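For reference, the structure is listed below as structure tokens.
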Amino acid sequence: MSHHAGEHSLPELPYAYDALEPYIDEQTMRLHHDKHHQGYVDGLNSAEEKLQKARNEGNFDDIRSLERLIAFHGGGHFNHCVFWNNLTPQEDYEDPHGDILTKIEHDFESYDNFKAQFTAAASSVEGSGWGMLVYEPGGDHLQTIAVENHQRELFASAIPLLVIDVWEHAYYLKYQNRRGEYVDNFWNIVDWENVNHNFEKAQSYEFPVEGV
Ligand code: MN
């Protein structure tokens, strides 16, 4: 799917606003999706339109700040899209399975090791950010990363498979300052079918240089 500048839109949630109760409450989901995520879509469109205008005028004096705006709002938009689809109502939850479980057990030695590492990464974000399980196609391995704000700082080619939003807007109404409790509860509503799907797609990406 490709867009012209300024034509991104907010996707609907793949479930009802109250579907993730009791772990993520309806009011948080409404604010998070309708206000916060919409804000990143609007910010991305606005930044792209400014960049289009700069190109039209041949004036790139603000290129650094425009690229930073696009990275921030674009990261915000795309991370939230991955996040919503990573989650499922508790009644549909299935334990980790399939190829992603095999790969997790290979790369982290056990599922419990992975879970502890991901939880630590998500809990260690300073301020606002994300915890992520990513696939790094150059080395064909999984890694966890803590991301500040919305931009990834590690592995430019890393593809997010499972992400958790640890900005306060994601949990503060229900959990206040108890980020750890929110992260612990996240494991009850992970959609492992979706993570398998993301892993399958990520493996089809061919890194430009082999064996690195
Ligand atoms: Mn968010």
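The table below lists the values:
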| quantity | calculated |
| --- | --- |
| Residue within the stretch 48-64 that is more than 15 Å from the ligand (Cβ to nearest atom) and under 24 Å from residue 158 (Cα atoms) present | yes |
| Residues within the stretch 185-210 that are in contact with a Gly (Cβ under 6 Å, 6 or more places away or on another chain) and modelled with pLDDT of 95 or more, tallied | 1 |
| Condition met for residue 101 (modelled with pLDDT of 95 or more, more than 17 Å from the chain's Cα centre (by Cα) and within 13 Å of the ligand (Cβ to nearest atom)) | no |
| Among the residues listed as 99, 62, the single one being outside the structural domain of residue 122 (by TED's automatic domain parsing), open to solvent by 60 Å² or more (accessible area, probe 1.4 Å) and among the acidic types (Asp, Glu) | 62 |
| Within the stretch 108-212, strands (runs of 3 or more DSSP E) holding 3 or more residues that are open to solvent by 10 Å² or more (accessible area, probe 1.4 Å) | 141-148 |
| Selection from the stretch 10-38 of residues that are without any contact (Cβ under 8 Å) to a residue 60 or more places away in the chain and in contact with a His (Cβ under 9 Å, 6 or more places away or on another chain) | 10, 12, 17, 33, 35, 37 |
| Selected residue (only one of 171, 182, 175 is within 16 Å of the ligand (Cβ to nearest atom), in the same structural domain as residue 109 (by TED's automatic domain parsing), under 27 Å from residue 98 (Cβ atoms) and hydroxyl-bearing (Ser, Thr, Tyr)) | 182 |
| Flag for residue 37 being open to solvent by less than 30 Å² (accessible area, probe 1.4 Å) and either within 17 Å of residue 8 (Cα to Cα) or in the same structural domain as residue 165 (by TED's automatic domain parsing) (or both) | yes |
| Index of the failed condition, residue 42 passing every other in (1) among the acidic types (Asp, Glu); (2) within 16 Å of the ligand (Cβ to nearest atom); (3) open to solvent by less than 70 Å² (accessible area, probe 1.4 Å) | (3) |
| Single unsatisfied condition, residue 58 versus (1) without any contact (Cβ under 8 Å) to a residue 60 or more places away in the chain; (2) on the phi < 0 side of the Ramachandran plot | (2) |
| Pairs where the first residue, in the stretch 176-189, is within 12 Å of residue 166 (Cβ to Cβ) and the second is of a type outside the set (Ser, Thr, Tyr), C-beta under 7 Å, 6+ apart | 179/166; 183/122; 183/164; 186/164 |
| Count - residues of the stretch 1-29 that are at pLDDT 95 or above, exposed (fewer than 12 other Cβ atoms within 10 Å of the Cβ) and either under 23 Å from residue 74 (Cβ atoms) or touching an Asp or Glu at 6+ places or on another chain (Cβ under 6 Å) (or both) | 2 |
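The values are calculated or read from the model by the stated rules, or taken from the named source; none is laboratory data. These figures come from a predicted structure and were not determined experimentally. Note: ideal-geometry Cβ built from the backbone for every residue, glycine included; neighbour counts use all protein chains shown. Just so you know, the surface numbers come from the protein's heavy atoms only, side chains and all, with ligands and any DNA or RNA stripped out. Shrake-Rupley method; radii C 1.70, N 1.55, O 1.52, S 1.80 Å.
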